[in-house]
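**Q** Supplied in structure tokens, the structure appears directly below.
No value in this document is a laboratory result; all are computed from the given coordinates. Only a predicted model underlies this, so the values are computations on that prediction, with no experimental measurement involved. Backbone-built Cβ (ideal geometry, glycine too); neighbour counts: all protein chains shown.
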Amino acid sequence: MTQSPAEFGTVGASSEQIAVLGAGSWGTALAALLAANGHQIRLWARDPELVERLKSERENRQYLPGKPLVSAVHPVNNIGAALSGAAVVVFAVPSGAMREVALQAAPFLTSNMLVISAAKGLEENTGLRMSQVLEETMPGIGPRQAALSGPNLAVEIAQGAPTASVAASSNPYAAKAVQRLFLGDPQPTFRVYTGSDVIGVEIGGAIKNSIAIAAGILEGLGYGDNSRAALMTRGLAEAIRLGMAEGAQMSTFLGLSGVGDLIVTGGSRLSRNYRVGYALGQGRALDEVLEEIGQVAEGVPTTRALCDLAFRCRVEIPLCAALYAILFEARPIREIIRELMLRPPKDEHAEGRS
């Protein structure tokens, strides 16, 4: 399954048939954006009952209430039907479901299909980035895929708030094709930049979820802006160290998919990860909080994967390690914070340390 880069020159220049796999809040928001730009969308969900509700109510009241589905969005439950005739497929499923959904989709992919990963996280058991999972399940798609990431809260996108994102691909033609897909609305609200650092974009999109949980914990404890600013800044340093160890570029983490995504996810109660942390800081149990939210909080499984990856790379990520102790070892939160504050003094820019 090979692709000549130049063949993406016309993708997105006119109306396209697009399959969006995943009808959560993010997938529904992306479907609405693409439909507004004149594309025909098949919005796939694995839950047949959800699909029937989407068809009858023309609104995703479970995951993105208040945003009507326009006629160009067609909910489907059959993944083959979703992909039939599509020029583009967008994977907007949780990272933990990416492999399963990609395996289901693989038989229906064509050699000229553009593949977009909009998932943020690492595969829990392997530590693989989403582009790596897609490459494993659909060999040869490397030049045909791009990662979409940035400070993109689905609720605000649905409300039409001006938003920016980055499409990263090793193939510049693929990145530009993604950029074109989101152009064309006479009143554009979603601006896409292009990039080539897929590793940095995906690591930044993963680690910010864990830091957002930690930021919520601080808020739940009643700490102020000083604490959260210190956490997010040092969390960014951890992202840079881990990303560069994996081959990423430092500059990526200073952009939309790095510090931009960290700011919005670590400071907004619209963020599920932030809300999980806030509840933990107030003394609630993790299982209870996750059940109440009813959607995947990517930072929970990603924290485990990040710590495993950092161990293999021999990179220190003490904030993520501290969060791991809170989430999976039931360590007292204030005790963990005290241990972090008592770490040996360091130079702020000492490489490999925090």
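**Q** Need one number: the % of Cα-Cα pairs in region 5-196 sitting beyond the 27 Å mark.
**A** The answer is 19 percent, as a whole percent.
**Q** Evaluate E = 1/(1 + (r/R0)^6) for ILE263 and GLN159, where r is the Cβ-Cβ distance and R0 equals 22 Å; express this FRET efficiency to the nearest 0.05.
**A** Rounded to the nearest 0.05, the efficiency is 0.75.
**Q** Same structure again: Treat every Asp and Glu Cβ in region 1-113 as -1 and every Lys and Arg Cβ as +1, leave all other atoms uncharged, and give the resulting dipole magnitude about the Cα centre to the nearest 20 debye.
**A** I would put it at about 140 debye.
**Q** What are the ³J(HN,Hα) couplings of region 105-120, residue after residue, when phi is run through the Karplus curve with 6.51, -1.76, 1.60 and θ = phi - 60°? Round to Hz, x for glycine and proline.
**A** Rounded to whole hertz, the list is 7, 3, x, 9, 6, 10, 6, 10, 7, 7, 10, 10, 9, 10, 8, 10.
**Q** Which one, GLY127, ALA164, TYR63, is farthest towards the positive end of the dipole of region 5-196 when Lys and Arg carry +1 and Asp and Glu -1 on their Cβ?
**A** The one lying farthest along the dipole's positive direction is ALA164.
**Q** Follow-up question, since we're still on this one. Taking the 0 to 90 degree range and rounding to the nearest ten, how far is the long axis of helix 25-36 tilted relative to the main principal axis of the chain, both from C-alpha atoms?
**A** The answer is roughly 40 degrees.
**Q** Next question. Take SER15, SER131 and order them by how many other Cβ atoms sit within 10 Å, fewest up front.
**A** Fewest to most other Cβ atoms nearby, the residues stand as SER15, SER131.
**Q** Then there's this: Run the numbers for ILE293 and GLU49: contour at 0.36 nm per residue of separation, minus the present Cα-Cα distance, in nm.
**A** My answer for the length gained is 85.9 nm.
**Q** Tell me the label only: which of [x] 24.4, 76; [y] 19.8, 60; [z] 34.1, 102 is Rg and Dmax of the Cα atoms in Å as calculated from this structure?
**A** [y]
**Q** Which lysines does LYS120 reach when only Cα atoms under 16 Å apart count, and residues fewer than 8 places away in its own chain are ignored?
**A** Cross-link targets: LYS208.
**Q** Relative to the longest principal axis of the C-alpha atoms of the chain, give the angle of the C-alpha long axis of helix 299-313, reported between 0 and 90° and rounded to the nearest 10°.
**A** 70
**Q** Going by Cα centres, region 224-297 and region 113-183 are how many Å apart?
**A** Between the Cα centre of region 224-297 and that of region 113-183, the gap is 19 Å.
**Q** Still on this structure, I have one more. Specify the angular offset, from 0 to 90 degrees and rounded to the nearest 10, of the alpha carbon long axis of helix 272-281 from the longest principal axis of the alpha carbons in the chain.
**A** 20
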